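Laboratory data are not the source of any read-out in this text; all were calculated from the coordinates shown. If you're wondering where the values come from, they're calculated on a predicted model, not measured in any experiment. We place every Cβ from the backbone using ideal geometry, glycine too, and count neighbours over all the protein chains shown.
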Amino acid sequence: MSGYLFAPPEVRSIPVAGEDAAYPVHRIFCVGRNYAEHAAEMGVAVDREAPFYFTKSPQAAVPGGTVVPYPPGTENYHYEMELAVVLGAPLFRASRAEAEAAVYAYGCALDMTRRDLQLAARAKQRPWDLGKDVEASAVFAPLTRAGEVGALGDRRIHLSVNGTVKQDAHLRDLIHDVPAILADLSRYYHLGPGDVILTGTPAGVGAVVAGDRIEGGIDGLAPVTLTVGEAA
Ligand code: MN
């Protein structure tokens, strides 16, 4: 055998502040219901015992600052503002300290969601893929290396649509913090460089329409922006 029958998909990547080279995305893991007030607005109980996860295809990653078409198959496309954590070292069955040491960078991200399809799947006890693994639905601002971020502490996390604040919370509101998430996830996967984790969204999620401009921020990190385009 030689070569491939067709061109393999391009590697998606996220720019890193101060680096010429970009961070290549291997996998995207997302945490569900990790802020109590968001779980409440979704009408479900939080699980404080352990986080739970869904995934997005790495091909769903797109840079912020762009126009992304309104996706097919939904009439209720939602924004979710999230803290993204990306790994720079292998991590398996890790302690909290090992997990923290493996973080390469942090960034602002959007977990765009076909809410109508997610809720329909949830009601039928089906997987969330149609609702969550949406083309161009993982939107990333440039990353900031962990050493430059310092302790995450209690930073504000917020999102506005067309200048109106919709989500406004603090990282202290995370039910499972970053080391807890990484330590738990490393019980199930051999994690490593290229693995990206979205840590969940605060309350205030809502729908967007074509023409809307989303801007999300976390203190000390580059903001993520997105303009919703006409239907694809
Ligand atoms: Mn989310």
Query raised in the report: For the residue pair Ala232 and Leu119, what label-to-label distance in nm results when each label sits 7 Å from Cα along the Cα-to-beta-carbon direction?
Result: 2.3 nm
Report summary line: Of every Cα-Cα pair in region 150-232, the percentage lying beyond 22 Å is 40 percent
Query - Candidates Asp154, Asp184, Asp133: whichever shows maximal mean-square fluctuation once the chain is modelled as a Gaussian network with Cα springs under 10 Å - result: Asp154
Report summary line: Here, Ala50 and Ser2, labelled 7 Å along Cα→Cβ, have an inter-label distance in nm of 4.9 nm
Query raised in the report: Under a GNM of the chain (C-alpha, springs under 10 Å), which listed residue has the highest mean-square fluctuation: Glu215, Glu82, Glu41?
Result: Glu41
Requested in this report: Run the quick spin-label model on Arg126 and Tyr188: label points 7 Å from Cα toward the beta carbon, then report their separation in nm to one decimal.
Outcome: 2.1 nm
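How do Glu49, Glu19, Glu80 line up, fewest other C-beta atoms within 10 Å first?
Least to most surrounded, the residues fall as Glu49, Glu19, Glu80.
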Report summary line: Given a Förster distance of 22 Å, the FRET efficiency implied by the Cβ-Cβ spacing of Val67 and Asn162, rounded to the nearest 0.05, works out to 0.90
Report summary line: With Cα springs under 10 Å, the Gaussian network model of the chain assigns the largest mean-square fluctuation among Thr144, Thr164, Thr201 to Thr164
Requested in this report: Using the charge dipole of the chain (Lys, Arg: +1 at Cβ; Asp, Glu: -1 at Cβ; taken about the Cα centre), state which of Tyr79, Ala146, Gly229 has its Cα farthest towards the positive end.
Outcome: Tyr79
Query raised in the report: Which value at 222 nm does the chain reach when only helices count, each DSSP H run of 4 or more adding -39,500 (n - 2.57), with the total divided by all residues and rounded to the nearest 500 deg cm²/dmol?
Result: -3500 deg cm²/dmol
Query raised in the report: What number, in nm² with one decimal, is the all-direction average of the projected area of the convex hull of the alpha-carbon atoms of the chain?
Result: 13.8 nm²
Query raised in the report: Taking neighbour Cβ counts within 10 Å as the exposure measure, how do Phe140, Phe54, Phe92 sort from fewest upward?
Result: Phe92, Phe54, Phe140
